[in-house]
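Working notes for the structure below.
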Amino acid sequence: MKKTKKKKYIVWGTIVGVIAALLIGFFGWTAVYYHADATAVNISISDSTIQRKDGITVIPAENSSTAIIFYPGAKVEDIAYLPLLQRIRNEVHVTCILVKMPLNLALFGVNKADQVMADYPDVETWYLAGHSLGGAMASSYAAKHEDKIAGLILMGSYIYGNYPASKSLTIYGSLNTAVKDKITYSENVVCIEGGNHAQFGNYGKQKGDADATISADAQQIQTVQAIKSFLQK
């Protein structure tokens, strides 16, 4: 009897130990992430129009009833996307709302759009956008809430879930072959020649990513033009 109890304690102790090790490893992995570069940090400080509260950053466009909710890529600091979103606000004249994700993983914040839309009831038209994993999770949300979303904008990502390509814009860098090979549709797809995966944001080189042959500025300018054309449709 005592031996049986001892065996149970050993088994449960082993299970608890394995779970603890996995949790420590996971949180250690998430603790290392891509930080916003100096350009992005400077915008967060110098642009007095930007409003930041409770993990939501608003880059407002004056007299606009349209807004884009943006989900960041995996393990990327949210403000790394401020240069791109500021450009969208300035060029396209729509409000951009950047969402900080739990542990910097949009996987744990798929429904954050619900909170944003509830907080800004004056917005009449909502678009959902995202980069990489953020794009996949934005696509997943849009597929389940098509009645709430006017359109989907994906960067370095592709449609995930049953959301129509006719209401989606997919933008990727020509050197991002991992994404290119996954795109099975042709409607509203924009390839940026010489672009890579990371340069939609300002967080430096991403592990495993190809070296772009154009600058981040050039990639983001072309991205903004593609979004402007898409929204004008």
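The values are calculated or read from the model by the stated rules, or taken from the named source; none is laboratory data. Worth saying up front: this structure is predicted, and the values here are computed from it rather than measured. Virtual Cβ from ideal backbone geometry, glycine too; neighbours counted across all protein chains shown.
So which residues in segment 178-196 are polar (S, T, N, Q) and either exposed (fewer than 13 other Cβ atoms within 10 Å of the Cβ) or under 11 Å from S157 (Cα atoms) (or both), if there are any at all? Steps first, answer last, please.
In the first step, residues of segment 178-196 are kept if they are polar (S, T, N, Q); the result is 184, 186, 188, 196.
If the condition is that a residue be polar (S, T, N, Q) and either exposed (fewer than 13 other Cβ atoms within 10 Å of the Cβ) or under 11 Å from S157 (Cα atoms) (or both), then T184, S186 are the ones that fit.
Counting residues in segment 115-125 that are on the phi > 0 side of the Ramachandran plot and in the same structural domain as E91 (by TED's automatic domain parsing) gives zero.
Every residue in segment 107-127 that is part of a loop (DSSP other than H, G, I, E, B) and either within 18 Å of P60 (Cβ to Cβ) or among the charged types (D, E, K, R) (or both), please. Steps first, please.
As a first pass, look at segment 107-127 and keep what is part of a loop (DSSP other than H, G, I, E, B): 109-111, 120-124.
Scanning segment 107-127 gives Y120, P121, D122, V123, E124.
Filtering segment 57-74 to residues that are touching a strand residue (DSSP E or B) at 6+ places or on another chain (Cβ under 6 Å) and not hydroxyl-bearing (S, T, Y) leaves V58, I59, P60, A61, A67, I68, I69, F70, G73.
Among the residues of segment 33-51, which ones are β-branched (V, I, T) and surrounded by 13 or more Cβ atoms within 10 Å (Cβ to Cβ)?
T39, V41, I43, I50
Taken over segment 52-75, the criterion of being among the hydroxyl-bearing types (S, T, Y) and surrounded by 20 or more Cβ atoms within 10 Å (Cβ to Cβ) is satisfied by T57, Y71. All told, V11 falls short of being at pLDDT below 95 and either in contact with a Lys or Arg (Cβ under 8 Å, 6 or more places away or on another chain) or assigned by TED's automatic domain parsing to the domain that holds D122 (or both).
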